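Report on one structure; see the data block that follows.
The values are calculated or read from the model by the stated rules, or taken from the named source; none is laboratory data. Just so we're clear, the structure is a prediction, and the values are computed from it rather than from any experiment. Here the Cβ is made from the backbone with ideal geometry for all residues, glycine too, and neighbour counts use every protein chain on show. We work out accessible area using only protein heavy atoms, side chains counted, and drop any ligands, DNA or RNA first. Shrake-Rupley method; radii C 1.70, N 1.55, O 1.52, S 1.80 Å.
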Amino acid sequence: MRGFILKKFGEMNFCHVLDNSGSDLSFSDSPRRLSIQQDFHKSELLDVVSDPTLVRSCILFNTKGISPTLLPKFKHMRTLDFDDAPLNFLPDDIGDLYLLEYLSLRNTRVKKLPKSIGRLQNLLTLDLKNSQVQKLPMEIKRLLKLRQLLGYSYHGGSTDSSMDFSAQGLEITEGCGNFQSLQILNAINFPRKPSIIKELKKLKPQLKKLGITKIRSEHGKELCGLIDALSNLTSLWIGAVDEDEFLELDLVTNPPKNLKRLYLECRLRKLPEWIPKLKKLKRLRLICSGLTEDPIFALRNLNELLELRLRRAYQGEELHFKKGWLKKLKILRLRYLQHLKRLKIDDKALPQLETLYLGPCSQMAEVPEDLQNLKKLQTLRFCDMPEAFTMSMQEGHSKYSIIKDIPHMFFRSSELGVNGYINNSRHLANIMKNRYGDENPGVSNMISNNLVSKGKWLFPNDIKGIDDEWFWVTALLMAVLALLLAFASNYLEQHSFQIF
């Protein structure tokens with residue numbers, strides 16, 4: 001299929017793909033779009049692209065990029081995407097691409113933007129996510145048409161908990177008030193100068209999405225004033241510098257009425273009173289809040305809420321969802337609530353919930369019985385739950401019937417040395433045997449009687465007769481299917497079928 005698509009690209013002169021497949025790379029006319037998937041010397045690239053001034057878009061995959069001496073030749077380029085390219089620097093000649101509208105350095109090793117970036121007067125999007133750029137040059141303030149400035153990166157580990165407070169934003173400079181077309185600013189470190197805060201307030205008419213990180217407790221008053229000023233926000237992300245910083249957010253008096261996404265990564269003494277008043281809120285994430293009072297009661301009337309995430313956000317022993325609360329909630333993630341013992345869900349509560357993430361919750365001893373009240377639950381994920389909880393899932397236990405009919409169930413256990421989801425009965429049985437030996441027959445019985453396969457929890461009646469013979473039969477059938485697909489692909493290529 002890919003070969004067929006590339007052939008059509010060539011016929012339509014839609015996109016020129018430069019790779020190492022050995023295919024004919026010459027076109028009668030220079031393409032407007034380039035997809036470069038291997039490194040080319042200057043002479044080789046010019047042989048392929050006879051007139052670089054006709055190129056409007058260039059996407060690079062696993063390449064070092066375009067030679068600095070070549071950039072001026074692509075002077076009419078509008079889109080330049082270096083996403084994931086092993087790029088270490090951006091040449092000064094980038095400023096010669098005066099028509100450039102989109103520039104992405106996402107996931108590159110670029111550390112600094114050249115001053116010539118200020119000459120890109122038509123630039124609409126600058127994507128610096130997960131690059132090594134931390135500070136913007138003063139010349140950036142000349143980009144008066146800029147609509148999206150993306151620039152946060154994470155420097156923590158690979159797990160959720162190790163990534164908390166690891167986000168690094170951009171150091172924004174004075175003159176940001178010139179960005180009168182800016183709609184997305186995500187994310188910046190909290191400005192050190194009060195003058196920059198004043199300039200950010202000037203972005204009120206058009207700014208829709210804002211992310212600010214590295215906030216300290218003493219910044220609370222200024223932060224709340226900024227939130228009050230930016231009344232047209234639809235998405236807001238607030239991140240403290242570390243987990244010891246309490247942010248006082250109760251000083252917000254005029255929260256954005258159209259806010260749909262709110263992400264708070266900070267310690268809170270209590271849930272701010274203005275959050276339950278956000279009637280259009282669809283996604284709420286509370287991370288490392290350390291609340292002592294059940295936040296569900298305060299959030300109960302957010303009837304437009306679709307997703308709620310609590311990660312290290314609550315220190316109580318019980319969460320209680322009652323009938324009529326959070327009527328549209330579809331995704332609920334309860335992560336790293338180490339004091340949580342009970343999860344109560346009343347009959348007919350959370351009528352639209354489809355996905356539930358639970359764990360680690362070291363104090364929860366068994367599967368919550370009220371999960372049976374979630375009539376539309378499709379996906380259930382348990383992560384690093386205690387051994388007693390795991391035992392409660394085995395057949396014959398009173399909690400077994402609660403989870404047996406859930407279509408998609410996943411179980412992960414770091415304690416058992418599994419870095420990922422257990423998806424094979426024999427794999428899981430071996431792990432449990434190595435962990436417990438014959439000391440705990442109940443666990444062994446549970447493992448031998450259950451199978452997580454293709455995202456579905458299967459039980460004894462479903463897996464009778466599964467052995468090595470079935471494995472080889474399945475493998476043979478897959479091999480035959482692969483041959484048939486290869487034959488069909490070759491047949492289609494030889495018979496010039498028209499798609500449209």
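Answer yes or no as to whether residue 251 is assigned to a helix (DSSP H, G or I) and not acidic (Asp, Glu).
On the way: assigned to a helix (DSSP H, G or I): no; not acidic (Asp, Glu): yes.
Answer is no for this residue.
Which residues, counting only those in the stretch 180-205, are assigned to a helix (DSSP H, G or I) and modelled with pLDDT of 90 or more? Show your work before the answer.
Let us first name the residues in the stretch 180-205 that are assigned to a helix (DSSP H, G or I), namely 194-201.
The answer is 195, 196, 197, 198, 199, 200, 201.
Return yes when residue 323 is surrounded by fewer than 16 Cβ atoms within 10 Å (Cβ to Cβ) and either in contact with a helix residue (DSSP H, G or I) (Cβ under 7 Å, 6 or more places away or on another chain) or assigned to a loop (DSSP other than H, G, I, E, B) (or both) and no when it is not. Walk me through it before giving the result.
Numbers: surrounded by fewer than 16 Cβ atoms within 10 Å (Cβ to Cβ): yes; either in contact with a helix residue (DSSP H, G or I) (Cβ under 7 Å, 6 or more places away or on another chain) or assigned to a loop (DSSP other than H, G, I, E, B) (or both): yes.
Yes.
Residues being of a type outside the set (A, V, I, L, M, F, W, C) and free of Cβ contacts under 8 Å to residues at least 12 places away in the same chain: count how many of those fall in the stretch 162-181. Outline the logic, then answer.
Going through the stretch 162-181, the residues of a type outside the set (A, V, I, L, M, F, W, C) turn out to be 162, 164, 166, 168-169, 171, 173-175, 177-178, 180-181.
The next check asks that each one be free of Cβ contacts under 8 Å to residues at least 12 places away in the same chain; those that pass are 162.
Within the stretch 162-181, residues that are of a type outside the set (A, V, I, L, M, F, W, C) and free of Cβ contacts under 8 Å to residues at least 12 places away in the same chain number 1.
Checking residue 221 against (1) of a type outside the set (Val, Ile, Thr); (2) under 21 Å from residue 137 (Cβ atoms); (3) part of a helix (DSSP H, G or I), which test does it fail?
Of everything listed in (1) of a type outside the set (Val, Ile, Thr); (2) under 21 Å from residue 137 (Cβ atoms); (3) part of a helix (DSSP H, G or I), residue 221 misses just condition (2).
Can you give me the number of residues within the stretch 1-28 that are open to solvent by 60 Å² or more (accessible area, probe 1.4 Å), of a type in the set (Asp, Glu) and at pLDDT below 75?
Adding up the residues that qualify gives 1.
Identify, by number, the condition in (1) open to solvent by 10 Å² or more (accessible area, probe 1.4 Å); (2) among the β-branched types (Val, Ile, Thr); (3) touching a helix residue (DSSP H, G or I) at 6+ places or on another chain (Cβ under 9 Å) that residue 331 doesn't meet.
Unmet condition: (3).
Filter the stretch 70-114 down to residues that are of a type in the set (Lys, Arg) and closer than 20 Å to residue 33 by Cβ, then give me how many there are. Please lay out each step first, then the result.
Taking the stretch 70-114 first, the residues of a type in the set (Lys, Arg) are 73, 75, 78, 106, 109, 111-112.
Filter once more, so that each one left must be closer than 20 Å to residue 33 by Cβ: 73, 75, 78, 106.
Residues in the stretch 70-114 being of a type in the set (Lys, Arg) and closer than 20 Å to residue 33 by Cβ: 4 in total.
Only residues that are surrounded by fewer than 16 Cβ atoms within 10 Å (Cβ to Cβ) and outside any loop (DSSP other than H, G, I, E, B): list them for the stretch 284-306, please.
Of everything in the stretch 284-306, just one residue is surrounded by fewer than 16 Cβ atoms within 10 Å (Cβ to Cβ) and outside any loop (DSSP other than H, G, I, E, B), namely 297.
When the residues of the stretch 364-387 are filtered to those that are part of a loop (DSSP other than H, G, I, E, B) and under 20 Å from residue 349 (Cα atoms), which remaining residue is most open to solvent (accessible area, probe 1.4 Å)?
We begin by selecting, within the stretch 364-387, every residue part of a loop (DSSP other than H, G, I, E, B); these are 364-368, 374-378, 384-386.
Cutting the leftovers down to under 20 Å from residue 349 (Cα atoms) gives us 367-368, 374-378.
Numbers: 367: 1, 368: 13, 374: 12, 375: 158, 376: 94, 377: 11, 378: 81 Å².
Among them, the one singled out is 375.
Anything in the stretch 345-363 that is under 28 Å from the mean Cα position of the chain (by Cα), of a type outside the set (S, T, N, Q) and not in a strand (DSSP E or B)? List them, or say none.
Those that are under 28 Å from the mean Cα position of the chain (by Cα), of a type outside the set (S, T, N, Q) and not in a strand (DSSP E or B): 350, 351, 353, 354, 359, 360, 361.
Take the residues in the stretch 29-53 that are under 30 Å from the mean Cα position of the chain (by Cα) and either modelled with pLDDT under 75 or of a type in the set (A, V, I, L, M) (or both); name whichever of them is surrounded by the most Cβ atoms within 10 Å (Cβ to Cβ).
Kept after step one, since they are under 30 Å from the mean Cα position of the chain (by Cα), are these residues of the stretch 29-53: 33-39.
Keeping just the survivors that are either modelled with pLDDT under 75 or of a type in the set (A, V, I, L, M) (or both) gives 34, 36-39.
Numbers: 34: 25, 36: 22, 37: 14, 38: 14, 39: 16.
Once the filter is applied, the top-ranked residue is 34.
Name the pairs: first residue in the stretch 100-120 and among the small types (Gly, Ala, Ser), second residue part of a helix (DSSP H, G or I) and open to solvent by 70 Å² or more (accessible area, probe 1.4 Å), Cβ to Cβ under 9 Å, at least 6 apart or on different chains?
Final answer for the pair search is 116/92; 118/138; 118/141; 118/142.
Can you pull out every residue in the stretch 103-133 that is over 21 Å from the mean Cα position of the chain (by Cα) and either of a type in the set (Phe, Trp, Tyr) or part of a loop (DSSP other than H, G, I, E, B) (or both)? It would help to see each step written out before you state the result.
Just the residues of the stretch 103-133 that are over 21 Å from the mean Cα position of the chain (by Cα), to begin with: 110-124.
Within the stretch 103-133, 110, 111, 112, 113, 114, 120, 121, 122, 123, 124 qualify.
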